[in-house]
Structure formats: structure tokens, C-alpha cells
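Q: Please see the structure below; I have some questions.
Read-outs: derived from the displayed coordinates by stated rules, not from any lab. Since the model is a prediction, treat every value here as computed from it, not as a measurement. We place every Cβ from the backbone using ideal geometry, glycine too, and count neighbours over all the protein chains shown.
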Amino acid sequence: MDEKKRIIDTAGLTAVLHNVPAEFISRFREQVTLIDCQFQDESVIKKAVWSCFQENPVEFRGQMLFDPGAFPESPLSGKLTWKVTQPWAEPGDDKERAAKQRAQEMIERLKKKQGKPGSLRETGDVIPKER
């Protein structure tokens, strides 16, 4: 993942991990060994899976695989706090995200000042939109 949370070396149009903390991605990468089993028959895939749950290392396609047991560090816990529905509209980094937030706050202040329908009043109530 690069500094803008894009997945490196992928052809995906929206290969961006907006709402996953970098620490979680780093930990995932420490705990996983990728084995390319694309376009393989069922017996090869079965052998790969079998190799991954052995207590003693076994050779599979040039790599030694086994079940290492529990990860030695404390578990990570967290929540994905928002669902990205329009990834192309998300800010590319923290600086852009902060600028977007400031712009949204300014828009809300202007709406309040002008008393626009749908904006928040000083009391926090929503002014209903006219039909």
C-alpha cells in the first residue's frame, strides 16, 4: 500500500483501502504467505490447504508451509467505521481529507448563516425543506 492507501501493483480500478488502518494491513502481511494457485486443478489446491495446517513444515512448490500457531503479539481489534460506496470521490491522503472536512464545515456555517432549508439551526434542529 502506498501513502495514498492504494494497493501497489494491482490493475483494479478502485484498489484503495480507505477505511482499513495501516497497522491492520501491516499485521496481515506479517501473518500471511501468498501462494499462487490460480488456474491449478483441485488436487494442487487441496495439497496447498493441507500443507498450511501441518504442525511440521512441509514443502509445497518451493516454499515450506505449516501452521505456526497463534501470532506472538497481542491481537488487533477495531471496527470499520464507514462503508466506502464511492471510492473515486474519497480524498487521496490525510491532507486532502482535512481540506475536505474544512470545506464541509464552511458550507454548514454558511447554510446556518443564511438559514437555508435542510441546514442546522443554532438549536440543532433541522429546518424542513420546502416542497
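Q: If you place +1 on the Cβ of every Lys and Arg and -1 on the Cβ of every Asp and Glu, how big does the dipole about the Cα centre of the chain come out, in debye to the nearest 20? Show your work: numbers first, answer last.
A: Details: 22 positive and 21 negative charges, 247 e Å.
In total the dipole reaches around 1180 debye.
Q: I would also like to ask the following. So which chymotrypsin sites (Phe, Trp or Tyr not before Pro) in the range 20-115 pass both tests, a DSSP loop state and at most 12 other Cβ atoms within 10 Å of the Cβ? Before the final figure, lay out the partial values.
A: Values: sites: Phe24, Phe28, Phe39, Trp50, Phe53, Phe60, Phe66, Trp82, Trp88; in loops: Phe39, Phe53, Phe66, Trp82.
Sparse-neighbourhood loop chymotrypsin sites (Phe, Trp or Tyr not before Pro): Phe39, Phe53, Trp82.
Q: Next question. What is the set of long-range amide H partners of Phe60 at a cut-off below 5 Å, with H atoms built 1.01 Å from backbone N?
A: Here Leu65 satisfy the definition.
Q: Considering only C-alpha atoms, what is the centroid distance from the range 1-21 to the range 24-45, in Å?
A: Centre-to-centre distance over Cα atoms comes out at 18 Å.
Q: Which number comes out as Rg/Rh for the chain once both Rg and the Kirkwood Rh are worked out on C-alpha atoms? Provide the component values of the computation, followed by the final result.
A: Working: Rg = 23.9 Å, Rh = 19.9 Å.
With Rh from the inverse mean 1/r over Cα pairs, Rg/Rh is 1.20.
Q: Please list 3J(HN,Hα) in residue order for the range 80-93, calculated via the Karplus relation 6.51 cos²θ - 1.76 cosθ + 1.60 where θ = phi - 60°; whole Hz, with x for glycine and proline.
A: Coupling constants for the range 80-93: 7, 8, 8, 9, 8, 9, 9, x, 5, 9, 7, x, x, 7 Hz.
Q: Taking amide H positions as placed 1.01 Å from N in the peptide plane, with prolines and chain starts having none, which residues 5 or more places from Gln54, or on another chain, fall under 5 Å of its amide H?
A: Answer set, sorted by chain and number: Asp67.
Q: Just flag the GluC sites (Glu not before Pro) in the range 35-116 sitting in loop per DSSP whose Cβ has no more than 14 other Cβ atoms within 10 Å.
A: Numbers: sites: Glu42, Glu55, Glu59, Glu73, Glu96, Glu105, Glu108; in loops: Glu55, Glu73.
For GluC sites (Glu not before Pro) across the range 35-116 that sit outside H, G, I, E and B with at most 14 neighbouring Cβ atoms in 10 Å, the list reads Glu55, Glu73.
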